[in-house]
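Reading through the structure tokens given below for one structure.
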Amino acid sequence: MPILETYKSNSKNGKSRIQRMFGPNEFILFLPEIKEFLENKDFTAIKDLLKSIHSIDIAEGWERLQPQEKILIFKLLTSRKAVEVFEDLRFAEQSYLLNNLDNTEVAPILNEMAPDERADLFKELSQKVKKKLFSLMKKEEVEDVQQLLNFEEDTAGSLMTTDFLSLKKDMTARQAILWLQETHKSQSAYHFYHLYVLDEQRRLLGILDLDTLITAPPDILVKDIMFSPQTIKIDVDMPREEVAQKFSRYDLLDAPVVDSQDRLLGTITIDDVVDLIHQENTRQIYEIGKMQPAGGREIRYATATVRELIQRRAGWLMFLLVFDFLTGTVLKTFEHALSTVVALTFFIPMLLDTGGNAGAQTSITIIRGLAIGDVNFKNVWRVARLEVFAALCMGLIVGSVAFIRAALLQQDILLSIVVGLTMSFIVLLAIFTGITLPIISKRLGFDPAVLAGPITTSIVDIVGLIIYFKIAQFFLPILK
């Protein structure tokens with residue numbers, strides 16, 4: 001009976017590795033040779049070839065293999081590379097391997113995986129499957145997974161790894177280096193940038209750069225060369241967005257994660273933050289385009305299905321369609337004005353499209369500012385004043401251009417005034433909407449990206465049409 005009865009087709013925990021963009025994928029380039037070696041059962045040649053190919057390249061080209069080829073190739077990888085490839089595979093591919101490998105082959109993989117990657121895997125599994133896999137793992141690794149699974153999904157705790165290197169403050173530099181060499185041989189695959197100085201209760205006292213330790217005088221004490229962790233330490237319950245902001249602000253490669261008692265729980269490394277930023281950007285782009293964000297999971301056409309595309313897009317399209325029924329209602333209400341001055345219809349696309357563009361420019365800028373902390377509730381009035389003054393200037397500029405365009409096209413001064421004034425008011429409306437909707441959404445605890453793009457455009461379309469026809473009724477005697 002397989003360990004996993006079913007598996008999902010989505011990438012694990014919504015995470016997607018950033019595609020390598022600096023040259024061709026070596027695994028795909030050598031795939032014809034690999035398949036030929038498999039056919040000839042030349043496993044030694046495959047082993048030698050796989051040693052020279054980066055693990056992420058193998059993972060990205062994995063879906064090009066046939067099911068049975070995947071099992072054979074995986075068994076030919078070195079133990080360390082097998083773990084690395086497994087960590088980079090999508091959840092569906094991980095599940096297939098767990099289903100088709102022996103328990104003796106699964107156990108080393110689970111025990112050697114990075115703690116955060118292993119926790120991501122277990123988040124996707126049912127309780128029955130977790131129990132089965134726990135029985136194959138070392139006790140300390142099981143406890144590590146269970147600890148990481150207890151943290152809420154959108155907090156620093158869900159990002160961290162429990163792998164880190166620690167020192168005592170009274171060690172000399174020489175003692176610290178020798179201790180690290182002797183004690184952490186088993187962690188040779190773990191890449192670290194900082195050493196953490198702890199007391200007997202695991203409270204974080206200081207941080208030490210590895211290069212500082214290596215270049216320090218041999219007899220100097222660790223406590224004399226460490227620096228304070230106050231600036232960069234991260235509370236375990238800190239929202240993930242704030243974690244990314246802190247990494248960006250202080251140019252961090254890693255950062256310690258502590259609990260309320262200042263005890264070191266783990267660290268967050270830059271690769272996890274890059275994944276987080278990539279995922280968050282993907283989610284916001286999809287939300288701005290009014291598609292189901294699905295936690296930032298990318299739509300990958302290599303594996304996408306018609307059903308997935310419909311699920312991600314149809315809901316918002318139907319909502320916006322119903323919302324835009326109001327546009328037809330407005331046009332119906334002012335049917336007399338349109339039939340009396342047919343030229344009014346010539347300028348509707350120009351007015352509404354420009355308004356939608358102005359609204360999108362502003363809302364995207366505000367959403368970006370909210371995401372990186374440049375816009376907050378302390379400086380919101382300053383931001384609003386800045387945008388309003390810019391809106392007044394842009395409304396005047398764009399309104400003047402619209403006036404000239406209408407005058408050249410229709411040679412009717414009153415109609416041109418109507419078009420120019422409407423354009424100015426619509427630009428003001430669009431920018432005001434682009435400011436207020438994201439900020440109100442943020443204040444209410446919703447995602448600002450949800451109210452951007454098409455919803456802003458729909459509001460501008462409906463209110464803009466009303467403004468257009470009301471101004472037309474005021475200036476054009478024939479409509480009175």
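Of the residues examined, G355 is not one that is touching an Asp or Glu at 6+ places or on another chain (Cβ under 9 Å), surrounded by fewer than 17 Cβ atoms within 10 Å (Cβ to Cβ), touching a residue at least 24 places away in the same chain (Cβ under 8 Å) and not basic (K, R). Here L136 qualifies as modelled with pLDDT of 90 or more, in a loop (DSSP other than H, G, I, E, B) and assigned by TED's automatic domain parsing to the domain that holds I56. Assess whether M318 counts as being within 18 Å of S458 (Cβ to Cβ), at pLDDT below 80 and outside any helix (DSSP H, G or I). So M318 does not fit the description; no. Considering (1) closer than 30 Å to E84 by Cα; (2) not polar (S, T, N, Q); (3) not in a helix (DSSP H, G or I), the lone condition that P218 does not fulfil carries the number (1).
Look at A92 and say whether it is small (G, A, S), modelled with pLDDT under 90 and either buried (at least 20 other Cβ atoms within 10 Å of the Cβ) or assigned by TED's automatic domain parsing to the domain that holds D144 (or both). So A92 passes the test. Being surrounded by fewer than 20 Cβ atoms within 10 Å (Cβ to Cβ) and part of a loop (DSSP other than H, G, I, E, B), is that true of even one residue in segment 223-230? Yes, segment 223-230 contains a residue that is surrounded by fewer than 20 Cβ atoms within 10 Å (Cβ to Cβ) and part of a loop (DSSP other than H, G, I, E, B).
For L205, the test of being within 29 Å of the chain's Cα centre (by Cα), surrounded by 17 or more Cβ atoms within 10 Å (Cβ to Cβ) and assigned by TED's automatic domain parsing to the domain that holds K223 is failed.
Quick one: would you say S339 is hydroxyl-bearing (S, T, Y), surrounded by 20 or more Cβ atoms within 10 Å (Cβ to Cβ) and in the same structural domain as I413 (by TED's automatic domain parsing)? It is false that S339 is hydroxyl-bearing (S, T, Y), surrounded by 20 or more Cβ atoms within 10 Å (Cβ to Cβ) and in the same structural domain as I413 (by TED's automatic domain parsing).
Examine segment 250-264 for a residue that is without any contact (Cβ under 8 Å) to a residue 60 or more places away in the chain, assigned to a strand (DSSP E or B) and aliphatic (A, V, I, L, M), and state whether such a residue exists. The answer is yes, given that some residue of segment 250-264 is without any contact (Cβ under 8 Å) to a residue 60 or more places away in the chain, assigned to a strand (DSSP E or B) and aliphatic (A, V, I, L, M).
Out of all the residues in segment 131-175, which are of a type in the set (D, E, K, R), free of Cβ contacts under 8 Å to residues at least 60 places away in the same chain and surrounded by fewer than 18 Cβ atoms within 10 Å (Cβ to Cβ)? Residues satisfying the conditions are K131, K138, K139, E140, E143, E153, K168, K169, D170, R174.
The values are calculated or read from the model by the stated rules, or taken from the named source; none is laboratory data. Worth saying up front: this structure is predicted, and the values here are computed from it rather than measured. Glycine also receives a Cβ, built like all others from the backbone with ideal geometry; neighbour counts cover every protein chain displayed.
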